[in-house]
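A short worksheet on the structure shown next.
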Amino acid sequence: MSQGRLYIISSVAGGGKSTLIRKLLAEFPEILFSVSCTSRDKRPMEQNGLDYYFITKEEFQKKIQEDYFLEWALVHDNYYGTPKDFILNGLNQNKKIILDIDVQGAENVKKKIPSAISIFILPPSQEVWLERLKNRGTESREALEKRIKNGLKELNYKDKFDFRIINDTLERAYTELKEIIWKENL
Ligand code: 5GP
């Protein structure tokens, strides 16, 4: 039976993390994705329950009181949190679980579950990153500026991760991601 394990994947916004995760989940349907709760607004292409559970700030705060989250954080002025039971049940069933969370969340999960493997996805250069972020076109100008500012701070955390992958081309970065996941499984 395959070994259950958490894989924490973090990146700056526009680092290409979501594309890599989508590709991985499509190729390996047995890998679970931890759907976070967030208080931010839903983007047009997103689906409630698949990308996130979209809840209000008040609902989020109530869940914090109820100890519902393994970890939670304020990112770009919105709440984000990982539902605890999903993770604990998945690990009990020896599942591999992907967490797409920010650098604060990564640190907090590692403290609680030290066997978790943390991976930071890096853009190949600052120029390429800014270009990709602008072309994404999912945020207002103000939100974009906030993500750039936070991204520059988040890059300082990269050395705390177990692995770093430079996302220069999707195929190469994806191969590296798969190698990490299967190597850890040997
Ligand atoms: P976005 O709003 O672009 O989907 O995500 C913003 C940031 O929040 C990303 O870095 C994403 O990884 C992070 N994030 C998403 N879910 C969680 C979570 O449950 N906990 C934490 N700490 N960060 C999260």
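The values are calculated or read from the model by the stated rules, or taken from the named source; none is laboratory data. Computed from a predicted model, the values in this text were never measured in an experiment. So basically every Cβ, Gly included, is an ideal-geometry build from the backbone, and we count neighbours across all protein chains shown. With ligands, DNA and RNA removed, areas are computed over all heavy atoms of the protein, side chains included. Shrake-Rupley method; radii C 1.70, N 1.55, O 1.52, S 1.80 Å.
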*Tell me, which helices (runs of 4 or more DSSP H) lie completely within the stretch 99-186 with 2 or more residues that are more than 14 Å from the ligand (Cβ to nearest atom), in contact (Cβ under 8 Å) with a residue 24 or more places away in the chain and within 19 Å of the chain's Cα centre (by Cα)?*
170-183
*asked:* Tally up the residues in the stretch 11-27 that are open to solvent by 30 Å² or more (accessible area, probe 1.4 Å) and within 14 Å of the ligand (Cβ to nearest atom), please.
replied: 4
*Do you know which residues across the stretch 28-50 are free of Cβ contacts under 8 Å to residues at least 60 places away in the same chain and open to solvent by 60 Å² or more (accessible area, probe 1.4 Å)?*
Pro29, Asp41, Lys42, Pro44, Met45, Gln47, Asn48, Leu50
*Within the stretch 125-144, identify whether any single residue is open to solvent by 80 Å² or more (accessible area, probe 1.4 Å), charged (D, E, K, R) and closer than 25 Å to Ile181 by Cβ, and answer yes or no.*
no
*Take the stretch 64-83 and flag every residue that is at negative phi, open to solvent by less than 50 Å² (accessible area, probe 1.4 Å) and not in a strand (DSSP E or B).*
Ile64
